[in-house]
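What follows is one structure encoded as structure tokens, with my remarks underneath.
The values are calculated or read from the model by the stated rules, or taken from the named source; none is laboratory data. Computed from a prediction, not measured in an experiment: that's the story for all the values here. Note: ideal-geometry Cβ built from the backbone for every residue, glycine included; neighbour counts use all protein chains shown.
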Amino acid sequence: MLQPLWSFLLGHESLLLSPVFPVLFSLAVYLSFCAPFLLLDLLSPRWALVRSYKLQPQSSVSWASAWSCMLVTLYNHVVFIFPLTVLNWYLRPAHLPQEAPPLPRLLAQVLVCLLLFDFQSFVWHLLHHRVAWLYRHFHKVHHTFTSTSALTTEHSGAWETLSLGLFAAANPLLLGCHPLTELAFFLLNIWLSVEDHCGYDLPWATHRLVPLGLYGGARHHDLHHLKSNCNYAPYFTHWDRLAGTLDTAQD
């Protein structure tokens, strides 16, 4: 089922193997996923229906802060991510297989990658909140905003950007994933991360599609930014539930 898509991508093999592709892919996908939420931010002060879905309706997005977030994202990608991508390209030349992965395997491996990333991020996040020195020197930048919006997703220092990027990149390698599976996981991970920070509880949000409260979503993560002492896992709720750090309602 995936062979036509993979064959099309192989037609652009030189781009896929280029050291600039990971940075261009990451930025293009990230900004594309942010764009619909930025439109909602533009409409919410003027349209009560849109504002009714905001998690913190009293807040509004400052375009100066949005531009500041954009500059931080661009800076981290150009100054830190791109040189590391070039180094990886030089040290580990990639090879693209001709055959696409079976769809069931792709879906299963994407789910496992997501669960691994969720666990790694939970431990990393909890540690950086419990150790004051780590929070003060590394994680505090991401908590500049107590009201989340899409572009705050990647408003973080180099250490946080690179460490979370390492988790995301390492998991497909550990599982021996096909390059198409890696791309699918990266797409899903970026989307869920942006949705986490979007600041809206929309009717079609991911947490409404996953039953039994197993997935936290934007409301889950917005509470973390608001209170800073709960909901450390980025996506699912089971680790916070087990650790006693799950919070499901605003005071």
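Residues checked against (1) closer than 24 Å to Val194 by Cα; (2) in contact (Cβ under 8 Å) with a residue 12 or more places away in the chain:
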residue: Met1; (1), (2): no, yes
residue: Phe8; (1), (2): no, no
residue: His12; (1), (2): no, no
residue: Leu31; (1), (2): yes, no
residue: Leu38; (1), (2): yes, yes
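Among the residues of the stretch 196-234, just one is surrounded by 18 or more Cβ atoms within 10 Å (Cβ to Cβ), at positive phi and of a type outside the set (Gly, Ala, Ser), namely Asn231. Looking across the stretch 89-106, the residues that are part of a helix (DSSP H, G or I), under 25 Å from the mean Cα position of the chain (by Cα) and of a type in the set (A, V, I, L, M) come down to Leu103, Leu106. Taken over the stretch 217-248, residues that are of a type in the set (A, V, I, L, M, F, W, C) and free of Cβ contacts under 8 Å to residues at least 24 places away in the same chain amount to 3.
Evaluation of Val86 against the conditions (1) out of contact with any Ser or Thr (no Cβ under 8 Å at 6 or more places or on another chain); (2) under 19 Å from Leu226 (Cβ atoms); (3) part of a helix (DSSP H, G or I) shows that the sole unmet condition is (2). Is it the case that the stretch 156-175 has a residue that's more than 23 Å from Met70 (Cα to Cα), of a type in the set (A, V, I, L, M, F, W, C) and in contact with a Cys (Cβ under 8 Å, 6 or more places away or on another chain)? Yes. Only residues that are in contact with a strand residue (DSSP E or B) (Cβ under 7 Å, 6 or more places away or on another chain) and either on the phi > 0 side of the Ramachandran plot or free of Cβ contacts under 8 Å to residues at least 24 places away in the same chain (or both) were counted across the stretch 43-100, and they come to 1. Checked against the criterion of being touching a residue at least 24 places away in the same chain (Cβ under 8 Å) and either under 27 Å from Trp47 (Cα atoms) or of a type in the set (Val, Ile, Thr) (or both), the candidates Ser163, Ser149 yield just one match: Ser149. Taking the stretch 42-96 as the range and being among the β-branched types (Val, Ile, Thr) and in contact with a Pro (Cβ under 8 Å, 6 or more places away or on another chain) as the test, the residues that pass are Ile81, Thr85, Val86.
Within the stretch 166-182, the set of residues being crowded, with 20+ Cβ neighbours inside 10 Å and under 29 Å from Asp41 (Cβ atoms) comprises just one member, Ala168. Could you look through the stretch 12-53, keep only residues that are exposed (fewer than 13 other Cβ atoms within 10 Å of the Cβ) and polar (S, T, N, Q), and pick out the one that is nearest to Pro179 (Cα to Cα)? For the stretch 12-53, the residue satisfying everything is Ser14. Of the residues making up the stretch 82-136, those that are among the polar types (S, T, N, Q) and surrounded by fewer than 17 Cβ atoms within 10 Å (Cβ to Cβ) are Asn88, Gln98. Taking the numbered list (1) modelled with pLDDT of 90 or more; (2) part of a loop (DSSP other than H, G, I, E, B); (3) of a type in the set (Ser, Thr, Tyr) in turn, Tyr75 passes all entries but (2).
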